[in-house]
1. At least 2 residues that are within 22 Å of Lys247 (Cα to Cα) and touching a residue at least 24 places away in the same chain (Cβ under 8 Å) in each: list the helices (runs of 4 or more DSSP H) lying fully within region 276-357 that qualify.
2. Is it fair to say Ala260 is in a strand (DSSP E or B) and either closer than 26 Å to Leu174 by Cα or touching a residue at least 24 places away in the same chain (Cβ under 8 Å) (or both)?
3. Are any residues in region 139-149 in contact with a strand residue (DSSP E or B) (Cβ under 6 Å, 6 or more places away or on another chain) and either assigned by TED's automatic domain parsing to the domain that holds Trp332 or in a loop (DSSP other than H, G, I, E, B) (or both), and if so, which ones?
4. Could you say which residue among Thr335, Thr340 is buried (at least 22 other Cβ atoms within 10 Å of the Cβ), over 16 Å from Phe128 (Cβ atoms), at pLDDT 95 or above and among the hydroxyl-bearing types (Ser, Thr, Tyr)?
5. Go through Ile194, Ile204 for me and flag whichever is assigned to a helix (DSSP H, G or I), among the β-branched types (Val, Ile, Thr) and over 30 Å from Ala48 (Cα atoms).
6. For region 223-238, which residues satisfy the criterion of being of a type outside the set (S, T, N, Q) and touching a Leu at 6+ places or on another chain (Cβ under 7 Å)?
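The values are calculated or read from the model by the stated rules, or taken from the named source; none is laboratory data. What you see is a predicted model; the values in this text were computed from it and never measured. All Cβ positions, even for glycine, are placed from backbone atoms using ideal geometry, and neighbour counts span all protein chains on display.
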Amino acid sequence: MNPDLDKLQPYPFEKLARLKAGITPPARLSHIALSLGEPRHAAPGFVADILSAAFDMLSNYPLTRGMPELRQAIAAWLQQRFKLASNSLDPETQILPVNGTREALFAFAQAVVDRSKPEPLVLMPNPFYQIYEGAALLAGAQPFFLNTTEANGFIPDFDAVDEETWARCQLLYLCSPSNPTGAVIDIPTLQKLIALAQEHDFVIAADECYSELYFDEQSPPPGLLQAAQETGNTDFKRCVVFHSLSKRSNLPGLRSGFVAGDAEIIGGFFKYRTYHGCAMPLTHQIASTAVWADEIHVQENRRLYREKFAAVLDILSPVMAVKQPDASFYLWPQTPIDDTEFARGLFAQQNVTVLPGSYLSRNANGNPGEGRIRLALVAKTAECIEAARRIRSYLESL
């Protein structure tokens, strides 16, 4: 077996299952899960009709590069959403459909990291989406963690990274809006990172799958390609973005997303993927083409999240150190006791499952997830309100 497999840590939900083992919560209380970021809002109704109508396409092998219509729809969406110049993205060379961003974020490191260079580094925020770490390790690189804390606005302190680290960096993972903090990286910071990538010859992989979950309809989070264009980097050199329909459109089961940016990097990634065997089914491509072209359901999705955040924060703010994030569907509150003890006790007393923040972080001059929990407000509004009331009751019992 590949010895690098031994470097992988248990996934956070494996740790959570062990934490809850042996506990019998009150039977009178139904279980409410705020631990998994799995959207529970209704998916666009037209998707089922499209999938049904395209059923006969299951007899055809899909192409790794995807249907031209899908790539054109993605290019149009990116250009409209991130204020990119018309025809600034070539659907033939700068866009690849993927089966959700999870598999693409992992596979990307395998294609990008150059094992022949000494001690390659993959930089990533801490706490982080665990795929980044696993991707780095299986690509033969060393993860380098950039702590995000309340003191730095939950954005990594990139100015504190020394020249030697940047010189060894081959890949920088960004997540904006962040999982789990919801923090958004602004355009000047993105432009600073693009300049560093040009200077030190590394690639930026921007995980932007939460970009469509924000609160102010007039101020959507900016993106990496947008920042690149504003600096004159119109071919998006060393910049690659990852987007998904899972969060935007409540379609995690469709496993549909895309990668876009630097044509040379996309070309290499395409070559890797032809061997990887991961082409998106044609039925999903046809449905995805329609979903990227529709914004009405996305606006309704944001309205529902605004409603939930307002209600939950009204209940929790008086008793807990919690703030509305810049974007995403997570809350990242502090706990008055150890985060694992809090999660275990909450489940035992109130039958509510939350994810300890320390499970999403690594100890790098301290574990920035300690003393926090991640709450995914993905359930229906009434269920989220009930969960907030139970959390408040638990807090008041401590």
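1. Here the list reads 282-292, 296-316.
2. yes
3. Listed by number, the residues that qualify are Ala141, Thr148.
4. Thr335
5. Step by step, each of Ile194, Ile204 is checked, and only Ile194 is assigned to a helix (DSSP H, G or I), among the β-branched types (Val, Ile, Thr) and over 30 Å from Ala48 (Cα atoms).
6. Within region 223-238, Leu224, Leu225, Ala227, Phe236 meet the criteria.
To keep it simple, each residue is scored yes or no on (1) part of a helix (DSSP H, G or I); (2) buried (at least 21 other Cβ atoms within 10 Å of the Cβ).
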residue: Ala109; (1), (2): yes, yes
residue: Glu119; (1), (2): no, no
residue: Met124; (1), (2): no, yes
residue: Ala151; (1), (2): yes, no
residue: Thr165; (1), (2): yes, no
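For (1) over 21 Å from the mean Cα position of the chain (by Cα); (2) buried (at least 18 other Cβ atoms within 10 Å of the Cβ), each residue gets a yes or a no:
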{"position": "Cys239", "(1), (2)": "no, yes"}
{"position": "Ser244", "(1), (2)": "no, yes"}
{"position": "Glu264", "(1), (2)": "yes, no"}
{"position": "Phe269", "(1), (2)": "no, yes"}
{"position": "Gly277", "(1), (2)": "yes, no"}
{"position": "Arg303", "(1), (2)": "no, no"}
{"position": "Glu307", "(1), (2)": "yes, no"}
{"position": "Leu313", "(1), (2)": "yes, yes"}
{"position": "Met320", "(1), (2)": "yes, yes"}
